Ligand code: CXF
Ligand code: ZN
């Protein structure tokens, strides 16, 4: 049973794939059982928003409210919510952390099996939406967050309460991209001090991997990108060496990395979203203990092809990393404390800030590769 009143507020609606978002008044229903209605303070744009904004066929769900990297304040709570109360500052995440299932209880995984991650147009616990437009038409959710709205409803398993004194335009980065990259080095790879790391793609995710590897004490962090300007940017996050893919001549990138490292990097991260690059990364991680971590999102159905020689004779490990292996409710507060202690760099990721009305400009900047993180104030 839903009690309380709907809230009328502004949201940026994606009505058709690839078309500018339209800011409209909508109605946001009160939170159902286990749900929380939050007022978004700020949200930032992540590349997955662009991917799903453009996606025509898989699965075509429009009209939809995108956005999944954000921070907000609790407006009201549904039944059986005891972890947060009105006024608490919270970070929503596309991954849940129920804290009760076998996976949440294990320190080896962040893949909650009570509310497993899927690309769904609904709330996680009920096949329904909390949004309607003023004509009564249902608006679909996105990644269980839908933060391009002044108010949204999020399941309690997808919310982490944080220290309200942390600047929101920094804390929001932990909601997706920075946690994913830093976590991939820290949680999924468990990078050891003194090791060598190779990062394919220095967008926000790749740079966050560098930052995570730097915090783990990696000795050498090799950035790989087609844009030579990325070396200077990367240095702020611990990148020590750079390979410009345009300068490799007749050699493949993996050959160059294998030569630079005398047999491969200890950890390789694919941060672009190209199956072909996973192959390259895998062939330049060190035999015996090398680990390749896949972070990029390729098209649905994209297939990997690996050298069976590398797998069998070289004993290398290949693994994926969803949300960097981060457990939201325990790891996000830890990372935020490291930011407050001036260890974790966050400020350097925020290249732009703007008002909600200008959200389509943020899309343009990210599509053109002109920004790392653009924070949007609601
Ligand atoms: C992605 C990870 C792969 C599925 C869609 C969401 N993460 C966040 O941007
Ligand atoms: Zn994201």
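Observations on the model:
- Within the range 14-28, restricting attention to residues that are touching a helix residue (DSSP H, G or I) at 6+ places or on another chain (Cβ under 7 Å) and in a loop (DSSP other than H, G, I, E, B), the residue that is surrounded by the most Cβ atoms within 10 Å (Cβ to Cβ) is 21.
- Filter result for the condition that a residue is within 16 Å of ligand 2 (Cβ to nearest atom) and exposed (fewer than 15 other Cβ atoms within 10 Å of the Cβ), over 107, 85, 118, 56: 118
- With respect to the conditions (1) on the phi > 0 side of the Ramachandran plot; (2) within 16 Å of ligand 2 (Cβ to nearest atom); (3) surrounded by fewer than 16 Cβ atoms within 10 Å (Cβ to Cβ), residue 367 falls short on a single one, namely (1).
- Enumeration of residues in the range 187-213 that are more than 18 Å from the chain's Cα centre (by Cα), free of Cβ contacts under 8 Å to residues at least 40 places away in the same chain and closer than 21 Å to residue 262 by Cα: 193, 194
- Top-ranked residue in the range 335-350 [being within 16 Å of ligand 2 (Cβ to nearest atom) and part of a helix (DSSP H, G or I); ranked as farthest from residue 160 (Cα to Cα)]: 349
- Any pair with Cβ under 6 angstrom, 6 or more apart, that starts in the range 34-52 at a residue that is closer than 15 Å to residue 153 by Cα and ends at one that is modelled with pLDDT of 95 or more and within 11 Å of ligand 2 (Cβ to nearest atom): 40/70; 40/147; 43/67; 43/70; 43/147
- Taken over the range 86-105, the criterion of being assigned to a helix (DSSP H, G or I) and in contact (Cβ under 8 Å) with a residue 40 or more places away in the chain is satisfied by 104 alone.
- Whichever residue in the range 130-144 is touching a residue at least 24 places away in the same chain (Cβ under 8 Å) and over 13 Å from residue 24 (Cβ atoms) and, among such residues, is surrounded by the fewest Cβ atoms within 10 Å (Cβ to Cβ): 140
- Exclusive hit being more than 15 Å from residue 94 (Cβ to Cβ) and within 16 Å of ligand 1 (Cβ to nearest atom), set 201, 194, 183: 201
- Reported count of residues in the range 117-129, each being free of Cβ contacts under 8 Å to residues at least 12 places away in the same chain and either within 24 Å of residue 376 (Cβ to Cβ) or within 16 Å of ligand 1 (Cβ to nearest atom) (or both), is 1.
- Test: residue in the range 61-78 that is more than 18 Å from residue 29 (Cα to Cα), outside any loop (DSSP other than H, G, I, E, B) and without any contact (Cβ under 8 Å) to a residue 60 or more places away in the chain: no
- Meets criteria (in contact with a strand residue (DSSP E or B) (Cβ under 8 Å, 6 or more places away or on another chain), within 16 Å of ligand 2 (Cβ to nearest atom) and either at pLDDT 95 or above or closer than 14 Å to residue 148 by Cα (or both)) for residue 64: yes
- Qualifying residue in the range 41-55 (condition: closer than 18 Å to residue 171 by Cβ, more than 16 Å from ligand 1 (Cβ to nearest atom) and touching a strand residue (DSSP E or B) at 6+ places or on another chain (Cβ under 8 Å)): yes
- Test: residue in the range 36-45 that is surrounded by fewer than 16 Cβ atoms within 10 Å (Cβ to Cβ), within 16 Å of ligand 2 (Cβ to nearest atom) and within 23 Å of the chain's Cα centre (by Cα): no
- Subset of the range 72-113 that is within 16 Å of ligand 1 (Cβ to nearest atom) and in contact with a strand residue (DSSP E or B) (Cβ under 8 Å, 6 or more places away or on another chain) - its residue that is nearest to residue 154 (Cα to Cα): 92
- The criterion of at least 3 residues that are out of contact with any helix residue (DSSP H, G or I) (no Cβ under 6 Å at 6 or more places or on another chain) is met, among strands (runs of 3 or more DSSP E) falling completely within the range 206-314, by 220-225.
- Residue list for the range 315-334, filter: in a loop (DSSP other than H, G, I, E, B) and either surrounded by fewer than 19 Cβ atoms within 10 Å (Cβ to Cβ) or within 16 Å of ligand 2 (Cβ to nearest atom) (or both): 315, 321, 326
The values are calculated or read from the model by the stated rules, or taken from the named source; none is laboratory data. Quantities reported herein were computed from a predicted structural model and do not represent experimental measurements. Virtual Cβ from ideal backbone geometry, glycine too; neighbours counted across all protein chains shown.
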